[in-house]
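Visitor: Can you read through this structure? Questions will come right after.
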Amino acid sequence: MKLSQLTAYLESLAPLAYQEDYDNAGLIVGRPDQEVSQALISLDCTEAVVDEAIIHDCQVIISHHPIVFRGLKKFNSKTYVERVVEKAIRNNIALYAIHTNLDNVLPGVNAKICATLGLQNCRILVPKHSLLKKLVTYVPHSHADAVRDALFEAGAGHIGNYSEVSFNANGTGTFKGNEYTNPFVGEQGVRHREEEIRVETIYPAIAESKILMALILAHPYEEVAYDLYPMTNQTQAVGSGMIGELELPMEEEAFLYQVKEKMRAHVIRHTAFTGRHIKKVAVCGGAGGFLLKHAIGAGADIFITADYKYHEFFDAEGKLIIADVGHFESEQFTQQLLYENIKKKFSNFAVRLTEVNTNPVKYFI
Ligand SMILES: [Zn+2]
């Protein structure tokens, strides 16, 4: 298939607009119209991973971490980043990164960690706000169903586990067309009164052009009246970190043993035990220190993340346990997440998981 079909699917899973400002997720190397028959999935895109793609004839590497993060000014093989990009281009291999956008979506990196740890009742720890907008439009009764259907079909009307959400109120619209009009009802130059329904629904701001196109096509009027409102509501579907619960509370040491095994961690660096049982567990793949106060605020007994620095450990203040399992260890299951999703979506497309352990951190035990 075309590379663009694959990337369009990945971006439906984790829209690029949901990546953090500092990130560089998306198609880094490659042409959207190039043909691809096999993808290689890895957490990091290293030279060894590109070699693996060449050997196994994979035309695209999908990695969690973007190989190019800051601007590249020279291409003279001096750094591994330059060498990876050069080798990929020479061998016609596309490089795609699905990074903080996959961290931030509900079925993303953190949901995979929660599933690995067997957590229940999981929700996003810090939901983002201002990602939703409201559409209000005015439709004659005869076309209200068609307009609602079109809006829902285009992605409007989702709140949590509910779809096709709208509010509808009856009212009377007035309008008078000038000599250039051909009104659907009424006559040119005469004020017309029409019984209409005010249809209100919400939609993700990133889907606005699609929603408006659907509205215009389904609405019978020449000039469609509609209002678009920004909303500051949080959305439970996009945000940072995740919090869930254990089915039964566990003792701290027993739980850490379990975390070590399930996360395949060589070592867990953690703060002092609090003496309480573990019930609520907050997680964040990769460097999650910025979420500590939210984990405490949400009543977590432990916060499992990575990349903690010495002084940051003090911030636990006995309120919970900070547990640093390692960056690679916390995110490694993202590879399986991508593998399973792509396999399910494109049954005839070949996907490989990298056999290279790209973790740059070694443990001397
Ligand atoms: Zn990471």
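The values are calculated or read from the model by the stated rules, or taken from the named source; none is laboratory data. This structure is a prediction, so every number in the text was calculated from the model and none was measured. Neighbour counts run over all protein chains shown; Cβ positions are idealised from the backbone, glycine included. Each accessible area value is taken on the protein alone, full model and side chains, heavy atoms only, with ligands, DNA and RNA left out. Shrake-Rupley method; radii C 1.70, N 1.55, O 1.52, S 1.80 Å.
Matching residues to (1) within 16 Å of the ligand (Cβ to nearest atom); (2) at pLDDT 95 or above; (3) part of a helix (DSSP H, G or I):
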{"residue": "V283", "(1), (2), (3)": "yes, yes, no"}
{"residue": "Y308", "(1), (2), (3)": "yes, yes, no"}
{"residue": "H311", "(1), (2), (3)": "no, yes, yes"}
{"residue": "F314", "(1), (2), (3)": "no, yes, yes"}
{"residue": "K319", "(1), (2), (3)": "no, yes, no"}
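Visitor: Surrounded by fewer than 16 Cβ atoms within 10 Å (Cβ to Cβ) and at pLDDT 95 or above: is that true of N92 in this structure?
Guide: On the way: surrounded by fewer than 16 Cβ atoms within 10 Å (Cβ to Cβ): yes; at pLDDT 95 or above: yes.
When the stated conditions are applied, N92 passes them.
Visitor: Tally time: how many residues in region 234-257 are in contact (Cβ under 8 Å) with a residue 60 or more places away in the chain, open to solvent by 80 Å² or more (accessible area, probe 1.4 Å) and outside any strand (DSSP E or B)? Write out each step before concluding.
Guide: First, the residues of region 234-257 that are in contact (Cβ under 8 Å) with a residue 60 or more places away in the chain: 234-247, 252, 256.
Subset that is open to solvent by 80 Å² or more (accessible area, probe 1.4 Å): 234, 236, 247.
After this cut, where a residue has to be outside any strand (DSSP E or B) as well, the list is none.
Count: 0.
Visitor: To continue, here is another question. Looking at the structure I just gave you, is K260 part of a strand (DSSP E or B) and over 30 Å from E153 (Cα atoms)? Lay out the reasoning, then the answer.
Guide: Numbers: part of a strand (DSSP E or B): no; over 30 Å from E153 (Cα atoms): yes.
Against the criterion (part of a strand (DSSP E or B) and over 30 Å from E153 (Cα atoms)), K260 does not qualify.
Visitor: For region 307-328, give me each residue that is under 24 Å from the mean Cα position of the chain (by Cα), surrounded by fewer than 23 Cβ atoms within 10 Å (Cβ to Cβ) and either among the acidic types (D, E) or closer than 22 Å to E245 by Cβ (or both).
Guide: Result: D307, single match.
Visitor: Sticking with this one: How many residues, within region 264-282, are closer than 27 Å to G108 by Cα and either of a type in the set (F, W, Y) or in contact with a Ser or Thr (Cβ under 7 Å, 6 or more places away or on another chain) (or both)?
Guide: Result for region 264-282: 0.
Visitor: Enumerate the pairs (first residue in region 309-338 and within 16 Å of I268 (Cβ to Cβ); second residue anywhere and among the polar types (S, T, N, Q) and surrounded by 15 or more Cβ atoms within 10 Å (Cβ to Cβ)) with beta-carbon separation below 6 Å, excluding pairs fewer than 6 apart on the same chain, so at least 6 apart or on different chains.
Guide: Close Cβ pairs (under 6 Å, with a partner that is among the polar types (S, T, N, Q) and surrounded by 15 or more Cβ atoms within 10 Å (Cβ to Cβ)) amount to F313/T271; A316/T271; I321/T271; I322/T271; F328/N359.
Visitor: Restricting region 12-26 to residues that are acidic (D, E) and touching a residue at least 24 places away in the same chain (Cβ under 8 Å), which is farthest from P66 (Cα to Cα)? Spell out the reasoning first.
Guide: First, the residues of region 12-26 that are acidic (D, E): 20-21, 23.
So of that shortlist, the ones also touching a residue at least 24 places away in the same chain (Cβ under 8 Å) come out as 20, 23.
Details: E20: 13, D23: 8 Å.
The residue in question is E20.
Visitor: Return only the number of the condition from (1) open to solvent by 60 Å² or more (accessible area, probe 1.4 Å); (2) modelled with pLDDT of 95 or more that N76 does not satisfy.
Guide: (2)
Visitor: Does region 137-178 hold any residues that are of a type in the set (A, V, I, L, M, F, W, C) and open to solvent by less than 60 Å² (accessible area, probe 1.4 Å), and which are they? Break it down into steps so the answer makes sense when it comes.
Guide: Here is the first cut: in region 137-178, the ones of a type in the set (A, V, I, L, M, F, W, C) are 139, 144, 146-147, 150-152, 154, 156, 159, 165, 167, 169, 175.
Of everything in region 137-178, those that are of a type in the set (A, V, I, L, M, F, W, C) and open to solvent by less than 60 Å² (accessible area, probe 1.4 Å) turn out to be V139, A144, A146, V147, A150, L151, F152, A154, A156, V165, A169.
Visitor: Quick one: in region 84-113, which of the residues that are in contact with a helix residue (DSSP H, G or I) (Cβ under 9 Å, 6 or more places away or on another chain) and among the basic types (K, R) is nearest to I243 (Cα to Cα)?
Guide: K112
Visitor: Moving on to the next point. With the structure loaded, tell me whether T274 is touching a helix residue (DSSP H, G or I) at 6+ places or on another chain (Cβ under 7 Å), open to solvent by less than 50 Å² (accessible area, probe 1.4 Å) and either away from the ligand (no atom under 14 Å from the Cβ) or in contact (Cβ under 8 Å) with a residue 60 or more places away in the chain (or both) or whether it fails that test. Let's see the steps before the verdict.
Guide: Numbers: touching a helix residue (DSSP H, G or I) at 6+ places or on another chain (Cβ under 7 Å): no; open to solvent by less than 50 Å² (accessible area, probe 1.4 Å): yes; either away from the ligand (no atom under 14 Å from the Cβ) or in contact (Cβ under 8 Å) with a residue 60 or more places away in the chain (or both): yes.
No.
Visitor: With A300, A323, A295 as the choices, which residue is in a loop (DSSP other than H, G, I, E, B) and touching a Leu at 6+ places or on another chain (Cβ under 8 Å)?
Guide: On the way: A323 fails: in a loop (DSSP other than H, G, I, E, B); A295 fails: in a loop (DSSP other than H, G, I, E, B).
After applying the criteria, what remains is A300.
Visitor: Just to check your reading of the model, which residue among I67, I113 is within 16 Å of the ligand (Cβ to nearest atom), under 17 Å from the mean Cα position of the chain (by Cα), modelled with pLDDT of 95 or more and crowded, with 21+ Cβ neighbours inside 10 Å?
Guide: Numbers: I67 fails: under 17 Å from the mean Cα position of the chain (by Cα).
When all the criteria are applied, what remains is I113.
Visitor: Additional query: Taking the conditions exactly as written (in contact with a Gly (Cβ under 7 Å, 6 or more places away or on another chain), modelled with pLDDT of 95 or more, outside any loop (DSSP other than H, G, I, E, B) and more than 16 Å from the ligand (Cβ to nearest atom)), does V351 satisfy them or not?
Guide: no
Visitor: Follow-up. Take the residues in region 52-64 that are touching a residue at least 24 places away in the same chain (Cβ under 8 Å) and surrounded by fewer than 22 Cβ atoms within 10 Å (Cβ to Cβ); name whichever of them is nearest to Q332 (Cα to Cα).
Guide: Taking region 52-64 and keeping what is touching a residue at least 24 places away in the same chain (Cβ under 8 Å), we get 52-54, 56, 58-64.
Filter once more, so that each one left must be surrounded by fewer than 22 Cβ atoms within 10 Å (Cβ to Cβ): 52, 54, 56, 59.
Working: E52: 18, I54: 22, H56: 21, Q59: 22 Å.
For region 52-64, the residue satisfying everything is E52.
Visitor: Find all pairs meeting these conditions: Cβ atoms under 8 angstrom apart; at least six residues apart or on different chains; first residue within region 286-303 and farther than 12 Å from M242 by Cα and open to solvent by 10 Å² or more (accessible area, probe 1.4 Å); second residue assigned to a loop (DSSP other than H, G, I, E, B) and basic (K, R).
Guide: Qualifying pairs under 8 Å: G289/K309; I296/K319; D301/R276.
Visitor: Next question. For T100, only one of the following conditions fails: (1) open to solvent by 20 Å² or more (accessible area, probe 1.4 Å); (2) within 16 Å of the ligand (Cβ to nearest atom). What is its number?
Guide: Just one mismatch for T100, condition (1).
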